[in-house]
Amino acid sequence: MFVLCVGVCVRQQAVAEFIQATLDNARHTRKESGNVRFDVSQANDDPGRLTLYEVYNAEGDFKAHQQTEHYLRWR
């Protein structure tokens, strides 16, 4: 299993757009055969602080994810 946990700090004026883009990416990612889960969490005390938790069967599955249209669209 390959796990990726990313902490992100987003400027307040960009939070809504960032969340929309990230949830779109997560929805598509969850359909990938190598993806186990993709969670998006937002801090209660700071809406601009988010955590992305992604789990893949193997590191190669994550690398394949990085080549998908939905990943590249938001890079």
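Overview of results
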| quantity | calculated |
| --- | --- |
| Residue ID - nearest to the chain's Cα centre (by Cα), chosen from residues in segment 1-15 that are farther than 23 Å from N57 by Cα and open to solvent by 80 Å² or more (accessible area, probe 1.4 Å) | C9 |
| Count of segment 16-69 residues which are crowded, with 16+ Cβ neighbours inside 10 Å, under 16 Å from F2 (Cβ atoms) and not aromatic (F, W, Y) | 10 |
| Residue under evaluation Q67, criteria (1) assigned to a loop (DSSP other than H, G, I, E, B); (2) of a type outside the set (S, T, Y); (3) touching a residue at least 60 places away in the same chain (Cβ under 8 Å), criterion not met | (3) |
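The values are calculated or read from the model by the stated rules, or taken from the named source; none is laboratory data. The structure displayed is predicted, hence computed values, not measured ones. Positions of Cβ are backbone-derived with ideal geometry, glycine not excepted, and every protein chain shown enters the neighbour counts. Surface areas here come from the heavy atoms of the whole protein model, side chains and all, with no ligands, DNA or RNA. Shrake-Rupley method; radii C 1.70, N 1.55, O 1.52, S 1.80 Å.
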